[in-house]
Amino acid sequence: MAELTKGSSEMAELLQRPLLSRLWIYFKLSGPGYLQSAFTLGSGTASACVLAGAKYGYMLLWVHPLAIIMGVIMLSAIAKQTLATGLRPYTVFAERLHIGMALFWGVAALLASIIWHFPQYALAGSVISDLAELAGISIPRWLYGGALLLLAIAISWSYSYGIKGVRLYEHSLRAIVLGILLAMFLVVLKTGVNWGEALQGFLIPRLPSDPKGLTIVMGGIGASVGINMVFLYPYSLLKRGWRKEHTELAYFDLWMGMALPFMIATSLIIIATANVIHPRGVEVKGAGDVAHILGELMGESASRIFMGLGLLGMALSTITLHMLTSGFIVCEMLNRPHEGWVYRLSMLIPSVGVLGVAYSELPFWVAVFASSICLLFIPAVYIGFFILHNSLSYMGEEKPTGVRALVWNAAMLVAITFIGGGAVALWVMRVFLTPR
């Protein structure tokens, strides 16, 4: 079955089977979607969810599901293009659109990785400070900031050498994050769900009337599908050897491997936070404040340790992914192989984000504000893929026509309008609502 991932004739044969039979095999073959899900479920998303639930209860449950649906629509179009042509997207942007568009995409993706690096260190620093306080010791910020940076460099560089310890690190982080989500599920089971408010929160897109609330909405949308994720995704398809016959698998992978787990995870965090923290009126600033969510399950000290490790795991995994992505982006822009010292040194570009430990007293707002800024980068890239999707010289016989073209274009225009128009509108509203 592994041969199916290499575009063999077996994949074409699989497409002739009944739908249910295909879906079971697709579960086994999925991969890039889960990578995107791990990428997006970092501290930016977690912070936006925690602040949304703590301040507004169930009101903003609609934000992350709608944002991820819009993102998956565009990623589906990118998957169709990449698998139909087998071409490297950065080169396509440079040759078929404009070198300026390609440079904007590369620089914006790199800049987003740098901006998002700051809140990861802020969150990690907040966790370490809280755990140190719990242990009755004091650790200087520069010390644990430097230790985190060295650890991140060692791990990201290890990927170039295929060290088995990296896999153990990855599995450990996944287990911790999954443990947090399971704990959130248990909190929701214990505290219950107000289904009337939940349905309103999911189905009615209400907006807060204050600048901080609008920032939470923008941060949630921006963290759901980042521009650096969009850069990485098509290459993850090519690296797996997927081709045109894997297009249906790619769609399944995006919706079931990325969108569905993301919707469930973000909804659980918001509902658990809304049930526990919102009624208390607690203002969430540091990692210790979030531990209130699990307090009823395991006591204050245990919850601070467990929740802290989960948040630290999210931060460390995102730091590593941003460093790997930065090295990849630079190598693509320089047309260099993704190995050697150019690759490894390029990974260090976001490392200035270690200064984020200085904001460890407000890590959640740092993450949300950073995500709201990065939201402004992505519309131009989406427009580029929209143009390519309708290019006969690029797509050839795979270019959608007739009703299919209308459906694709309508879906992509809705996504572009939601992300682009929404970003501009929310920022304008935020500026006018900010007291002078």
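The values are calculated or read from the model by the stated rules, or taken from the named source; none is laboratory data. All of these numbers come straight from a predicted model, not from anything done at the bench. Please note: Cβ atoms are built from the backbone with ideal geometry, for glycine as well, and neighbour counts cover all protein chains shown.
Does any residue of segment 38-52 turn out to be surrounded by fewer than 23 Cβ atoms within 10 Å (Cβ to Cβ), on the phi < 0 side of the Ramachandran plot, at pLDDT below 70 and assigned to a helix (DSSP H, G or I)? Yes, segment 38-52 has at least one match. Within segment 191-211, none of the residues are crowded, with 20+ Cβ neighbours inside 10 Å and within 19 Å of the chain's Cα centre (by Cα). Might you let me know whether segment 306-315 holds any residue that is more than 18 Å from V177 (Cα to Cα) and not β-branched (V, I, T)? So far as segment 306-315 goes, no, none of its residues is more than 18 Å from V177 (Cα to Cα) and not β-branched (V, I, T). Give me the helices (runs of 4 or more DSSP H) completely within segment 72-162, filtered to those with at least 1 residues that are of a type in the set (A, V, I, L, M), under 20 Å from the mean Cα position of the chain (by Cα) and surrounded by fewer than 19 Cβ atoms within 10 Å (Cβ to Cβ), ordered by residue number. In segment 72-162, the matching helices (runs of 4 or more DSSP H) lie at 99-135. If only residues of segment 367-426 that are charged (D, E, K, R) and part of a helix (DSSP H, G or I) are counted, the one that is surrounded by the most Cβ atoms within 10 Å (Cβ to Cβ) is E398. Evaluating G192 against the criteria (1) at pLDDT 85 or above; (2) at positive phi; (3) touching a helix residue (DSSP H, G or I) at 6+ places or on another chain (Cβ under 6 Å) leaves one unmet condition, (3).
Residues of segment 312-326 that are modelled with pLDDT under 85 and under 16 Å from D130 (Cβ atoms): G313, M314. Name the residue, out of R22, R17, that is at pLDDT below 90 and not in a helix (DSSP H, G or I). Criteria check complete, one pass: R17.
Within segment 268-283, the set of residues being touching a residue at least 24 places away in the same chain (Cβ under 8 Å) and touching a Gly at 6+ places or on another chain (Cβ under 9 Å) comprises I269, I270, I271, A272, T273, A274, N275, V276, I277, H278.
Helices (runs of 4 or more DSSP H) fully within segment 212-295 that include at least 3 residues being buried (at least 21 other Cβ atoms within 10 Å of the Cβ): 227-239, 260-276. Residues of segment 427-436 that are part of a helix (DSSP H, G or I) and charged (D, E, K, R): R430 alone.
Would you check if L60 is out of contact with any Asp or Glu (no Cβ under 8 Å at 6 or more places or on another chain) and not in a helix (DSSP H, G or I)? Taking the combined requirement at face value, the residue satisfies it. Of the residues making up segment 341-366, those that are in contact with a helix residue (DSSP H, G or I) (Cβ under 9 Å, 6 or more places away or on another chain), loosely packed, with under 14 Cβ neighbours inside 10 Å and part of a helix (DSSP H, G or I) are L345, V352. Looking across segment 248-288, the residues that are closer than 16 Å to Y58 by Cβ and of a type in the set (S, T, Y) come down to T266, S267, T273. Of the residues making up segment 196-211, just one is over 17 Å from A265 (Cα atoms), part of a helix (DSSP H, G or I) and touching a helix residue (DSSP H, G or I) at 6+ places or on another chain (Cβ under 8 Å), namely P211. Condition (residue is aromatic (F, W, Y) and modelled with pLDDT under 90) applied to segment 126-144: is it met by at least one residue? Yes, segment 126-144 has at least one match. The selection criterion, being more than 22 Å from the chain's Cα centre (by Cα), at pLDDT 85 or above and over 30 Å from Y233 (Cβ atoms), does not hold for A291.
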